[in-house]
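Structure first, then comments.
The values are calculated or read from the model by the stated rules, or taken from the named source; none is laboratory data. Because the structure is predicted, anything quoted here is derived from the model rather than measured. Glycine also receives a Cβ, built like all others from the backbone with ideal geometry; neighbour counts cover every protein chain displayed. The protein model used for the area step is the full one, side chains on, heavy atoms only, and it has no ligands, DNA or RNA in it. Shrake-Rupley method; radii C 1.70, N 1.55, O 1.52, S 1.80 Å.
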Amino acid sequence: MAANGSSNFSFSRSYSTNSRLPLIQTHIPETEAVCHDDSTHPIKAQTIDELHSLQKKKTSTPSTPIRSPLGGSFSNLNDLERHAQKLQSISASLASLTRETGPRVVSGDPASKGTESPNKGRAAAAAAVDQHQLHHGPPKFNVSDSALKFTHVLYNLSPAELYEQAIKYEKGSFVTSSGALATLSGAKTGRSPRDKRVVKDETTENHLWWGKGSPNIEMDEETFLINRERAVDYLNSLEKVFVNDQFLNWDPEHRIKVRIVSARAYHSLFMHNMCIRPTFEELEEFGSPDFTIYNAGQFPCNRYTHYMTSSTSIDINLSRKEMVILGTQYAGEMKKGLFSLMHYLMPLRNILSLHSGCNMGKEEDVALFFGLSGTGKTTLSTDPNRYLIGDDEHCWSENGVSNIEGGCYAKCIDLAKDKEPEIWNAIKFGTVVENVVFDEYTREVDYTDKSVTENTRAAYPIEYIPNAKIPCVAPHPKNVILLACDAFGVLPPVSKLSLAQTMYHFISGYTALVAGTEEGIKEPQATFSACFGAAFIMMHPTKYAAMLAEKMKQHGATGWLVNTGWSGGRYGIGNRIKLPYTRKIIDAIHSGALLDAEYTKTDVFGLEMPTALEGVPSEILNPENTWSDKEAYKETLLKLASLFKNNFEVFATYKIGADQSLTEEILSAGPIF
Ligand SMILES: Nc1ncnc2c1ncn2[C@@H]1O[C@H](COP(=O)(O)OP(=O)(O)O)[C@@H](O)[C@H]1O
Ligand SMILES: C=C(OP(=O)(O)O)C(=O)O
Ligand SMILES: [Ca+2]
Ligand SMILES: [Mn+2]
């Protein structure tokens with residue numbers, strides 16, 4: 001038979017996208033009517049089962065040979081021991097803290113009837129591990145039914161295997177026309193910052209930022225354990241769980257080992273993409289994790305539990321090095337939860353954690369892009385003329401900048417191939433697309449469709465961006481770009497900042513978007529989020545600000561404020577600044593051209609705006625010029641200035657850095673009116 005089939009049938013030429021199925025031409029030319037089989041290979045399999053067993057090739061010699069010690073021989077005892085240890089470590093992660101017995105943890109898909117031996121580098125079951133053997137010796141009392149069951153562990157599966165798991169077992173999983181895995185995150189399509197809890201204990205009480213304005217809503221150790229038990233019980237009640245062992249931070253000196261236990265293939269693939277992927281060898285040597293996430297997102301927390309105010313809870317326990325997720329399946333919680341962890345761990349090592357994108361030019365000039373959600377970190381750090389270091393989370397240490405993650409998480413609402421080709425092309429096999437709508441027949445994604453949510457997302461490994469720099473590390477930054485999407489339309493498209501202004505705007509963390517899709521809301525909603533990521537910081541914002549000031553001074557970095565929002569009037573009257581203009585502005589920052597430009601100073605905010613810039617119409621550089629109603633401009637400007645002022649009041653009483661002078665300088669770098 002002709003392998004490509006083209007000689008004995010062809011698709012009808014009249015096939016159009018309207019007809020659901022192409023017609024098949026069944027007329028076969030006389031000369032080709034006979035099916036010739038030239039193959040000289042005899043069939044190797046004698047049975048269907050045997051045929052199927054031939055389909056999957058073992059990746060390596062059996063370093064992890066058997067499911068049961070009785071099941072066969074093994075060549076390397078050390079390997080076997082290592083894998084037994086790995087399984088014990090996973091079993092320890094899944095152990096209940098209140099019962100002496102738990103389910104027996106075994107590796108592999110329960111559906112594959114024990115015929116598959118795991119690949120090299122994976123945890124294999126040398127034997128099923130009883131949790132009571134690990135922790136408490138033989139059971140004396142308190143035996144529960146769960147001790148009689150098995151929990152199968154699907155450990156660091158490949159994207160292909162995770163696709164199969166998702167499609168087989170998770171409703172709402174589909175392969176899109178570009179090969180991505182489309183999933184639904186359930187009722188929650190964004191993070192739930194009000195449901196985040198942090199355990200307050202002796203260690204964290206004095207170290208963390210608590211109280212008004214802080215993202216760290218307290219809970220006690222006991223409540224954490226109640227929620228942890230709830231999550232562990234839920235996970236153990238399942239036939240199988242997914243376990244990912246991966247890394248955070250590309251700086252090898254400060255690499256953190258994380259384990260993610262989850263119930264969905266979607267979550268496992270998401271983290272596979274977002275964290276740093278270990279090599280087989282690194283996985284063999286992984287040992288026990290530095291931090292563990294229990295994601296039981298399908299299962300709610302109990303509102304009768306102390307400190308709980310809804311069915312959702314995201315709980316961080318820094319002393320136990322654990323995080324528990326209940327009642328939300330939004331995958332971004334895991335990524336941003338780990339980011340919170342880094343905001344605690346890294347400053348302890350005198351390393352600054354940053355909610356920023358980062359890229360590097362050919363001359364090794366490095367830029368950071370700070371900004372709240374939707375302001376352009378991912379879009380602008382993904383630049384065909386520069387090396388991508390990362391789109392969202394970085395560390396700035398003595399060694400320079402390092403990406404915390406191994407992937408990117410791009411917004412995809414209104415994504416267009418011509419405007420953002422790198423991100424568009426990254427949405428292929430292996431990429432998870434969340435909450436997008438697609439054509440039920442062609443499986444082509446409609447990126448303009450907001451039916452499920454406006455926060456549609458794509459998570460892909462960073463190497464899916466062609467000019468990503470691997471390893472994702474870079475020298476000290478030259479430019480620090482603060483992005484604000486100003487829906488009031490009064491901030492200049494770009495301004496050069498003094499160090500004190502950079503600090504003022506960094507601590508303010510301003511952006512203004514238009515609130516959701518609620519009808520009737522025309523007024524922009526100002527958001528102030530300290531350090532452009534108040535939801536993730538663990539200590540007081542001034543701690544991070546002082547570190548940033550110190551580093552910028554030491555390395556001579558220049559601060560910039562870039563408005564990626566409105567021009568020509570506020571939302572409803574003006575328009576969002578065109579992305580190609582913003583890109584030209586960013587180019588001029590990178591090239592150094594803007595450093596030498598001519599500047600004028602704005603009223604109220606005292607921002608230095610360039611008078612001209614290549615590729616951008618000069619009249620838009622001063623926002624006042626773009627407003628036809630000058631009175632409205634002035635009014636809106638003053639309104640925004642007073643919002644800034646009110647927001648900053650709480651910081652006025654804090655000392656920033658070693659002496660009072662920096663604090664005073666920063667205070668006077670705000671709007672004056
Ligand atoms: N002038 C502009 N600058 C940056 N982004 C813009 C601009 N105009 C429209 N956008 C859109 O705004 C969104 C920015 O989102 P993204 O880069 O994912 O933000 P972040 O990573 O900071 O959350 C993208 O969808 C992008 O296409
Ligand atoms: C994933 C997120 O990051 P960002 O919107 O900044 O890309 C988030 O805030 O949930
Ligand atoms: Ca309660
Ligand atoms: Mn982003």
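Kindly indicate whether any position in segment 511-523 is open to solvent by less than 10 Å² (accessible area, probe 1.4 Å) and within 29 Å of the chain's Cα centre (by Cα).
Yes - at least one qualifying residue is present in segment 511-523.
Is it true that some residue in segment 237-253 is closer than 19 Å to D195 by Cβ and either within 16 Å of ligand 2 (Cβ to nearest atom) or in contact (Cβ under 8 Å) with a residue 12 or more places away in the chain (or both)? Lay out the reasoning, then the answer.
We begin by selecting, within segment 237-253, every residue closer than 19 Å to D195 by Cβ; these are none.
Within segment 237-253 (the criterion being closer than 19 Å to D195 by Cβ and either within 16 Å of ligand 2 (Cβ to nearest atom) or in contact (Cβ under 8 Å) with a residue 12 or more places away in the chain (or both)), the answer is no, since none of the residues qualifies.
Table: residues versus (1) crowded, with 24+ Cβ neighbours inside 10 Å; (2) outside any loop (DSSP other than H, G, I, E, B); (3) of a type outside the set (K, R).
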position	(1), (2), (3)
M539	no, no, yes
K543	no, yes, no
A546	no, yes, yes
M552	no, yes, yes
V562	yes, yes, yes
Y571	no, no, yes
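Considering segment 428-438 alone, what residues qualify as being open to solvent by 10 Å² or more (accessible area, probe 1.4 Å) and in contact (Cβ under 8 Å) with a residue 40 or more places away in the chain?
Going through segment 428-438, the residues open to solvent by 10 Å² or more (accessible area, probe 1.4 Å) turn out to be 428-429, 436-438.
Residues satisfying the conditions are K428, F429, V436, F438.
Only residues that are open to solvent by 20 Å² or more (accessible area, probe 1.4 Å), closer than 13 Å to V490 by Cα and in a helix (DSSP H, G or I): list them for segment 600-635, please.
I620, E624, N625, T626, K630, E631, A632, K634, E635, listed by residue number.
Of the numbered conditions (1) crowded, with 16+ Cβ neighbours inside 10 Å; (2) in contact with a Lys or Arg (Cβ under 9 Å, 6 or more places away or on another chain), N425 satisfies every one except a single condition; which is it?
Condition not satisfied by N425: (1).
Closer than 20 Å to L372 by Cα and buried (at least 20 other Cβ atoms within 10 Å of the Cβ) - does that describe any residue in segment 573-583?
Yes, there is a match, as at least one residue in segment 573-583 is closer than 20 Å to L372 by Cα and buried (at least 20 other Cβ atoms within 10 Å of the Cβ).
Give me the residue from segment 374-390 that is under 16 Å from the mean Cα position of the chain (by Cα) and either free of Cβ contacts under 8 Å to residues at least 60 places away in the same chain or closer than 19 Å to H555 by Cβ (or both) and, out of that set, nearest to ligand 2 (Cβ to nearest atom).
Filtering first and then ranking leaves T378.
Can you confirm whether segment 321-331 contains a residue that is open to solvent by 50 Å² or more (accessible area, probe 1.4 Å) and more than 16 Å from ligand 1 (Cβ to nearest atom)? Even if it seems obvious, please write down each step before you answer.
The first filter runs over segment 321-331 and keeps only residues open to solvent by 50 Å² or more (accessible area, probe 1.4 Å), leaving 321.
Pick out the ones that are also more than 16 Å from ligand 1 (Cβ to nearest atom) and you get 321.
Looking through segment 321-331, at least one residue is open to solvent by 50 Å² or more (accessible area, probe 1.4 Å) and more than 16 Å from ligand 1 (Cβ to nearest atom).
Tell me which of these V401 doesn't satisfy, since it passes every other one: (1) in contact (Cβ under 8 Å) with a residue 40 or more places away in the chain; (2) open to solvent by 40 Å² or more (accessible area, probe 1.4 Å); (3) not aromatic (F, W, Y).
Single failed check for V401: (2).
Right, I465: at pLDDT 95 or above, out of contact with any Lys or Arg (no Cβ under 7 Å at 6 or more places or on another chain), under 26 Å from E253 (Cα atoms) and open to solvent by less than 50 Å² (accessible area, probe 1.4 Å) or not? First the steps, then the outcome.
Values: at pLDDT 95 or above: yes; out of contact with any Lys or Arg (no Cβ under 7 Å at 6 or more places or on another chain): yes; under 26 Å from E253 (Cα atoms): yes; open to solvent by less than 50 Å² (accessible area, probe 1.4 Å): yes.
Answer is yes for this residue.
Among the residues of segment 188-208, which ones are touching a residue at least 12 places away in the same chain (Cβ under 8 Å) and away from ligand 2 (no atom under 16 Å from the Cβ)? Break it down into steps so the answer makes sense when it comes.
Taking segment 188-208 and keeping what is touching a residue at least 12 places away in the same chain (Cβ under 8 Å), we get 188-201, 203-204, 207-208.
Result: R197, V198, V199, K200, D201, T203, T204, H207, L208.
Return only the number of the condition from (1) farther than 21 Å from H540 by Cβ; (2) part of a loop (DSSP other than H, G, I, E, B) that S319 does not satisfy.
Here S319 clears every test but (1).
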